[in-house]
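Below: one structure, written as structure tokens.
The values are calculated or read from the model by the stated rules, or taken from the named source; none is laboratory data. Here the structure is a predicted model, which is why all the values come from computation and not from measurement. Quick reminder, even Gly has a Cβ in these numbers, built from the backbone with ideal geometry, and neighbours come from all protein chains shown. For the accessible areas, the whole protein counts, side chains as well, though only heavy atoms, and no ligand, DNA or RNA atoms are used. Shrake-Rupley method; radii C 1.70, N 1.55, O 1.52, S 1.80 Å.
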Amino acid sequence: MMLSRSCISLLDLASGDMMNFPHTPRNLPRVITVPGIISDIEDESTSGELNISLSKPQERIIIVANFLPLNCQKDLESGKLHFSLDEDSLYLQMKDGFSAKANVIYIGSLKIDVELSKQDEIAQELLEKFNCVPTFLSPEIQKRFYHGFCKQHLWPLFHYMLPMCPELGNRFDRVLWSAYVSANKVFADKVMEVINPEEDYVWVQDYHLMVLPTILRRRFNRVKLGFFLHSPFPSSEIYRTLPVRDEILKALLNADLIGFHTFDYARHFLSCCSRMLGLNYESKRGYIGLEYLGRTIYIKILPVGVHMGRLKSALNHCSSAAKAIEIQKQFQGKRIILGVDDMDIFKGISLKLLALEQLLRQRPDLQGQVVMVQIMNPARSTGKDVQEVKKEVYSTTDRINETFGFPGYKPVILIDRPISFYEKSAYYASAECCIVNAVRDGMNLIPYKYIVCRQGSQTIDDALGVAAETPRTSMLVVSEFIGCSPSLSGAIRVNPWDVDAVADALNVAITTSAIEKQLRHEKHYRYVSSHDVAYWAHSFMQDLERSCKDHYRKRCWGIGFGLNFRILSLSPSFRKLSVETLVSSYKRTNRRAIFLDYDGTLVPQISINKTPSPHVISVLNDLCNDSSNTVFLVSGRGRDSLSGWFSQCENLGIAAEHGYFMRWSRAATWETGRLEADFNWKRIAEPVMTLYTETTDGSYVETKESALVWHYQDADPDFGSFQAMELLDHLENVLSNEPVVVKKGQHIVEVKPQGVTKGLVAEKVLSTLNEGGKLPDFVLCIGDDRSDEDMFESITTSVACSSSAPEIFACTVGQKPSKARYYLDDTIDVLTLLQGMAAASNSNPSCRREI
């Protein structure tokens, strides 16, 4: 192992500012107001309070990414490797958003292979000089992990490309998936070498490391873990085709905070969680929270920004000024439309060229006046598809230049070579319009960089002879399928597949009035300059701290094997109810009250046949025939069903329809919760429910004597939930003057009379027993859903004022957050528990009721 936990102080050897370009020249706002937004309002008290929380001594943040933010050059003579910080790396720039006292550690791979004999030496050097911990993957694993699973499976799929045939991509390969998991384990091992799990924050970056949260959570149950996805997250129809879809979803849910660039990406992720894992989410005080096994996983929606200091530094560099002068001379009298894209199949380079061709065909007067400069960054992956795209781009360019060009004028200038950041900055500053026409892209910061560079700088203004007070202008044409599009409200948004529409957009961009261009530019610059990379990093870390604040307030259990591992997080007092504990208390008490739910408690929730088994009837009869017991079945089902099913249980009390109907034994008459109940409201509610049933496939209405229930468990999960919220709102409006309550439950919307709850049943039974001088000294309540929570609460409050407190056992079925102190795993455990009590009663004949 490279570094042990006892040697962690070595990480403090690297100190000082690792960046040689200026920090973002502004104070970061500190107040979160709405999801993903930090207010620019900052008063002294707020700023001081939050600065204290974010400036704890020795605060450490571990950034885990596929590649380290380093450049490497090899000395050809000596063979020695020379490393330097990559100033263009997002992961290096985001350090500006952290506390000045934060110690940032980077974990990732190098972009070159290092001989095995030199790895320890290189690792120590990188740690001491740059706070970087390299993950040395073997060449075979690296190839299968990065160029295989990441680039051949995840990247195309997340960009909506399915391998329908070999020409459109590679089919799923289990060997590549194994390499992906193996690589993630190597990254996890490096995190474990340096982490202080009780103090450090871990921020995992992008789709290369999506199973890393599970591996870390399995080792450290309370690790403070955030994850940010920099690519799109596809819709559930696309994502569900991935054979390892559940493993990846569950792995991401082992993070505390999951970040996305846009609401669309987050919505797709939440929809996948709902459809594939049956999880629900809701907004809590402005934050989107996903409940999962007692934990709340928060969703962060905030696009990343650019580093203002880096861009301004480049604009003020003499190389940028020199290149800007060269561009001015080269394209004198011409209007530049700029495109800057990676060479891959999703960037839509050919589509934008076709749009330019259409524009020149429609506007012959623009020939000789408009030039599209297309900068093509080197491809990040290799393959036949990249070569085909490149071939198409060149052939389209040649055709356009031959058709519309003439001596001294080419409509399209291709720059297909690596160019410096300063050269790009000069092109940004010189272009009248920038077009980003990707058919699918996670974020794409090209428009942001263009906006900042069009603002200019003193150096570049002086070089071009532009007065400082000159109004700044810019025009953007952006695809609606890229992550930055929603944040650029002044841009012309286009469907990249609609060539005519893109051509029209380019025409609008170059013919728009100067004042309009100025207003659009000013609006964009205000946003881009205030929502930079430091703002993004600071906001994410602030939310991560908030997401982890309850880690040590709950007990954690690890459940599941391999990539199905997850954490169950519950109250410290919450524990499994053992048969021995309960039966021991049962035997030493003399007056007992037992409340049992039916569906999900005595019979499985998923069971199609809801009729109680002979075993259930036998156990209930044994309990009811003990004269010391008062046993009540409390259910939402109708009284006809329950009385028919339990006709053999003479001494069983039944509360039907959540307690609206109630009887103490088979021979007793049914009591109603409200003697003069008015059900005229049904004539209002039923047509509304019927309407939603007709428009929601898979739903139906259940009519009870005292209630109406709309079920949608068989409907589409997303549409069903949406319709349920609409129905809830609709019913609340039309029934606002009626004596009823409208409630949303698990896949149901129910309308029932006011004052009817299972909790009131428990109160009434206990009150009646108390008035008869038979206050129980033992109370057991078992249930599995929200309606049973009322009973758990009632049995505690109802006996709180008694002189001798009884032994109370409130027990939920399933390990989940509850007001109960105990849990049982399933209906089998429930019957085992009841059977244990029944056996105790049978062993004491003196307590048997006379039959």
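Think of the range 740-787 as having a plus end and a minus end, set by charges on the Cβ of Lys, Arg, Asp and Glu; of 755, 776, 766, 755 sits farthest toward the positive end of this dipole. The radius of gyration of the Cα set in the range 155-222, together with its Dmax, comes out at 15.5, 49 angstrom. Sequence-distant contacts, meaning Cα pairs under 8 Å at least 6 residues apart, place the relative contact order of the range 308-531 at 27 percent. Heavy-atom accessible surface of residue 523, to the nearest 10 Å², is about 90 Å², with a 1.4 Å probe and all protein chains retained. Which part of the range 206-239 falls in the paramagnetic zone of residue 718, meaning amide N under 16 Å from the point 7 Å along Cα-to-beta-carbon? Residues 232-239 fall inside that zone. Label separation (residue 469 vs residue 72): 5.5 nm, computed from points 7 Å beyond Cα along the C-beta direction. Return the whole-Å distance between the Cα centroid of the range 313-366 and the Cα centroid of the range 61-104. About 31 Å separates the Cα centre of the range 313-366 from the one of the range 61-104. Beta bridges assigned by DSSP with both partners in the chain are antiparallel in approximately 35 percent of cases. Radius of gyration (Cα atoms) of the range 718-805, expressed as a multiple of 2.2 N^0.38 Å: 1.42.
Restricting the calculation to Cα atoms, the range 239-315 shows an Rg/Rh of 1.12 when the hydrodynamic-style radius is the Kirkwood one. Computed over the range 680-753, the convex hull of the alpha-carbon atoms projects to a mean area of 4.2 nm². Taking each of 352/523; 347/391; 190/300 in turn, the alpha-carbon distance tops 19 angstrom for 352/523; 190/300. All C-alpha to C-alpha distances of the range 60-301, sorted into 5 Å bins beginning at zero, yield P(r) values of 1, 6, 13, 17, 18, 17, 13, 8, 5, 2, 1, 0, 0 percent in whole numbers. Enumerate the lysines that residue 610 could reach by cross-link, defined here as Cα to Cα under 30 Å, with residues fewer than 8 away along the same chain left out. Filter leaves 576, 682, 704, 743, 744, 752, 758, 764, 816, 819.
Ordered from largest to smallest accessible area (heavy atoms of protein chains, 1.4 Å probe), the residues 521, 730 come out as 730, 521. Set against the 2.2 N^0.38 Å expectation for a compact globular protein, the range 569-614 has a Cα radius of gyration ratio of 1.58.
Summarising the strand pairing of the range 308-531, around 5 percent of its internal DSSP beta bridges are antiparallel.
Surface composition of the chain: carbon and sulfur make up 50 percent of the accessible area, probe 1.4 Å.
The long axis of helix 421-430 is offset from the longest Cα principal axis of the chain by roughly 80 degrees.
The alpha carbons of the range 308-531 stretch over 45, 39, 32 Å along the principal axes, in descending order. Within the full protein context, the accessible area of residue 265 is estimated at about 20 Å² for a probe radius of 1.4 Å. For the range 60-301, the antiparallel share of DSSP beta bridges with both residues in that region comes to about 35%. Average projection, convex hull of the Cα set of the range 315-424: 7.3 square nanometres.
Once the Cα atoms are used to define both axes, helix 44-53 deviates from the longest principal axis of the chain by about 80 degrees. The heavy atoms of residue 275 offer some 60 square angstrom of accessible surface to a 1.4 angstrom probe. Measuring nothing but how far apart in sequence close Cα pairs (under 8 Å, 6+ apart) lie, relative to its length, the range 680-753 scores a relative contact order of 32 percent. Under 14 Å from the Cβ of residue 840, count the other residues' Cβ atoms, weight Lys and Arg +1, Asp and Glu -1, and hand me the total. Summing Lys and Arg as +1 and Asp and Glu as -1 gives +1. State the percent of C-alpha pairs, over all pairs in the chain, separated by a distance greater than 46 angstrom. Distances greater than 46 Å cover 40 percent of the Cα pairs.
Between helix 682-695 and the chain there is an angle of about 40 degrees, using the helix long axis and the longest principal axis of the Cα atoms. Ordered by 1.4 Å accessible area with all protein chains kept, 671, 432, 199, 650 run largest first as 199, 650, 671, 432.
Local charge for residue 300 was computed over the other residues whose Cβ lies under 13 Å away, with Lys and Arg +1 and Asp and Glu -1, and equals -2.
Spacing of the modelled spin labels on residue 737 and residue 284, each 7 Å from Cα toward Cβ, amounts to 3.9 nm.
The Cβ shell under 10 Å around residue 824 holds other residues with a net charge of -3, Lys and Arg each +1, Asp and Glu each -1. One quarter of the surface of the convex hull around the alpha-carbon atoms of the range 553-687 equals 13.9 nm², the direction-averaged projected area.
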